[in-house]
Amino acid sequence: AGTQQGAGTVQGKWVMRGYQADIDFNNTFTGQFYEERGRGFLAMRGQAVYVPDGVGTKPRVIGNLQQTPDELKALIKQNDWNQVHLIARGNTLIQILNGAVTSMVVDDDTKGRSLGGLIGFQVHVGEPMKVEFRNIWLKKL
C-alpha cells in the first residue's frame, strides 16, 4: 500500500508514481519509503531521512529510530494482519507498522517532492497472489 501521485500510461492503465510505503511477503522492503518512477529509495527501515532541495541531491540519513532494522523486522507478522499507519503532513512522511515507527522522511526537494496526489494499493506483476486490505481509514489533517 502507498500514497501515490499522478497516474501514468507507460505500463498500463493504472500505473501510478510517487511515494509508496512498501509491504512485501519476504519483508525485504516492508517499512521503508520508496518513490515509484521517481527518486527511488528514500528511507530504509529504521531510518529518519532528510532530502535537501536542489537538483541531484541525495537523501541523507539524519538519525536512526529507536529500534534497529532487525528489531523492526521482527514486529512484522507473517501470514497475518499487520497494522500500517501512514502520516503525510506537508513535506513530512512517517510510516508506523504495528505500533512502531519504521521510517521517516522530511522532503525539502521542491522539484522532486509531492504535496498532494492519489492513494493507491499496489500489487506487483508476477505469479498469482492474494492481497487483502481491511479497515482502511483516511483522515485529512
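No lab work stands behind these numbers, since they all come straight from the coordinates. None of these values were measured; they are calculated from a predicted model. Don't worry about glycine lacking a Cβ; one is built from the backbone with ideal geometry, like all the others, and counts go over all protein chains shown.
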- Task: Please give the contour-minus-distance gain from residue 130 to residue 37: 0.36 nm per residue of separation, less the Cα-Cα distance, rounded to one decimal in nm.
- Result: 31.0 nm
- Item | Mean Cα-pair separation over length for segment 67-136, i.e. relative contact order, pairs under 8 Å, 6 or more apart, % | 19 percent
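May I ask you to work out the translational diffusion coefficient for the chain at 4 °C, viscosity 1.567 mPa s, via Stokes-Einstein with Rh from the Kirkwood sum over Cα pairs, reported in whole µm²/s?
The estimated diffusion coefficient comes to 83 µm²/s.
So which chymotrypsin sites (Phe, Trp or Tyr not before Pro) in segment 19-53 pass both tests, a DSSP loop state and at most 14 other Cβ atoms within 10 Å of the Cβ?
Counting only loop positions with at most 14 other Cβ atoms within 10 Å, the chymotrypsin sites (Phe, Trp or Tyr not before Pro) in segment 19-53 are 25.
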- With 0.36 nm assigned to each residue of separation and the Cα-Cα distance removed, residue 80 to residue 121 gains 13.0 nm
- Message: Placing unit charges on C-beta atoms (Lys and Arg positive, Asp and Glu negative, everything else neutral), compute the dipole magnitude of the chain about its Cα centre in debye, rounded to 20.
- Response: 340 debye
- Task: Taking every Cα atom in segment 38-120, find the radius of gyration and the maximum pairwise distance Dmax, and write them in Å.
- Result: 13.6, 42
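What FRET efficiency would be calculated for the residue pair residue 111, residue 71, taking the C-beta separation as r and a Förster radius of 35 Å, to the nearest 0.05? Please list the in-between numbers first.
Values: r = 35 Å, r/R0 = 1.01.
Calculated value: 0.50.
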- Message: Using the alpha carbons of segment 66-112, what is the convex hull volume per residue in cubic angstrom, as a whole number?
- Response: 95 Å³
